[in-house]
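Comments concern the structure below.
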Amino acid sequence: MKFEFVDNHTNLNRLFYAAISLVIVGGFGIIGFMYFEGDSFLNSAFMTVITVSTVGYSLLHELSDNGKIFAIFLIIISLGVYAYAISIITSYFVEGNVEKLIRGRTLKKSKKMKDHTIVCGYGRIGKQVTEELLAYNIPFLVIDKQMEVITASTNNKVLFIEGDATNDDVLLKAGIENAHALISALPLDSDNLYVSLSARALNSKISIISRGTDQSAEKKLHMAGVDHVILPEKVGGAHMAKLVARKDMVEFLDHLSYRGNSLTNLEEIDYSELPDEYHDKTILEIGIRKKSGANIVGFKTVEGEFIMNPTPDTKITYGSKLFVLGTPEQIKSLRK
């Protein structure tokens with residue numbers, strides 16, 4: 001089933017025209033029966049209703065020849081008008097309910113969202129992105145212009161906005177100005193490029209991650225202000241090749257996860273997440289391994305440099321991050 005939404009003003013106009021059509025046909029029938037049959041207003045209204053609706057009630061009296069001809073014309077005219085009006089009224093309420101569930105609820109919530117992630121495109125990659133974001137409990141919403149894709153989604157936790165992500169107005173509806181990150185997972189490089197340019201212009205501080213098809217597109221996306229470009233074919237091909245060349249290593253890395261349901265988790269800890277008494281202390285002074293059993297395997301400096309297996313005398317300063325490896329129980333203990 002395909003849903004096509006029109007704006008509310010157009011819907012109201014169609015509903016207004018349908019109601020006017022019914023009123024005109026009804027008035028025409030009443031005047032006609034009063035003129036040709038000399039009936040009262042109430043009797044003429046009754047005759048008009050049973051004629052237009054074809055319910056089959058008995059006539060109040062035998063119609064004259066002129067009355068019969070008029071009734072035939074009234075039935076012919078009313079059939080088309082009646083069918084049109086009923087279809088417009090029905091579609092108005094049906095589409096209104098669907099729009100309220102899919103669009104209205106989302107737009108209302110999107111205006112209240114802050115520091116959220118915007119996912120552009122709900123294809124195979126976009127759907128995988130949303131599953132990961134849900135697992136991390138990261139607030140996000142999805143922009144997609146294909147309503148059949150949106151309505152086919154069975155996950156009620158995903159908020160959608162129907163529209164073209166290359167349109168600035170749609171990005172503004174998604175709260176681009178208050179968003180923390182944008183993931184552009186559209187199939188065409190040109191669309192991802194356009195979305196990235198628009199997003200950077202509307203929010204200079206937003207973190208942009210985009211899908212790309214080749215290295216040429218990767219360079220152009222970086223020039224457009226994209227922070228990270230992911231090439232699905234390159235990542236997938238490299239992973240399959242490593243399964244042949246370094247099978248055990250790949251399987252070992254597959255056991256590592258960022259989620260809590262894996263045997264071994266890799267956790268990121270920012271300086272601001274540490275208690276005040278641990279600020280500006282060394283790794284040895286903090287004693288993460290001694291207190292939780294987890295291991296510090298990486299460190300990111302304020303300048304953005306990554307250090308593997310940092311030494312115990314490495315000092316945790318403002319803006320730095322720790323990368324910790326451990327079991328779910330160790331990570332839980334570390335968080336406490």
- [ ] Convert each backbone phi in region 212-220 into a coupling constant with the Karplus relation 6.51 cos²θ - 1.76 cosθ + 1.60 (shift: θ = phi - 60°), then list the ³J(HN,Hα) values in order as whole Hz, x for Gly and Pro.
- [x] x, 9, 8, 5, 4, 5, 4, 5, 5
Open item on the list: What are the ³J(HN,Hα) couplings of region 59-67, residue after residue, when phi is run through the Karplus curve with 6.51, -1.76, 1.60 and θ = phi - 60°? Round to Hz, x for glycine and proline.
Closed with: 6, 5, 6, 5, 7, 6, 4, 5, x
Task: All-pairs Cα distance distribution in region 203-336, expressed in whole percent, bin size 10 Å - done: 11, 29, 31, 24, 5
Open item on the list: As I understand it, the dipole of region 184-336 uses +1 on the Cβ of Lys and Arg and -1 on the Cβ of Asp and Glu, about the Cα centre. Which of Ser292, Val229, Pro187 lies farthest toward its positive end?
Closed with: Ser292
Task: Residues whose placed amide H lies under 5 Å from that of Phe140, excluding near-sequence neighbours - done: Thr117
TODO: Report, by chain and number, residues whose modeled amide H sits under 5 Å from the one on Gly298, excluding near sequence neighbours (fewer than 5 apart, same chain).
DONE: Asn309, Phe323
Task: Cβ-derived FRET efficiency at R0 41 Å, Tyr84 paired with Tyr136, nearest 0.05 - done: 0.20
Task: Share, in percent, of DSSP beta bridges within region 113-236 that are antiparallel, nearest 5 - done: 0
Open item on the list: Using amide H atoms built in the peptide plane, which far-off residues or other-chain residues are under 5 Å from Thr264 H to H?
Closed with: Ser257
- [ ] Quickly rank 171-180, 240-249 as a protection proxy: mean count of other C-beta atoms within 10 Å, highest first.
- [x] 171-180, 240-249
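Values in this text are rule-based calculations from the coordinates and carry no lab data. This is a predicted model, so every value here is computed, not measured. With ideal geometry, Cβ positions are generated from the backbone for all residues, glycine too; neighbour counts draw on all protein chains shown.
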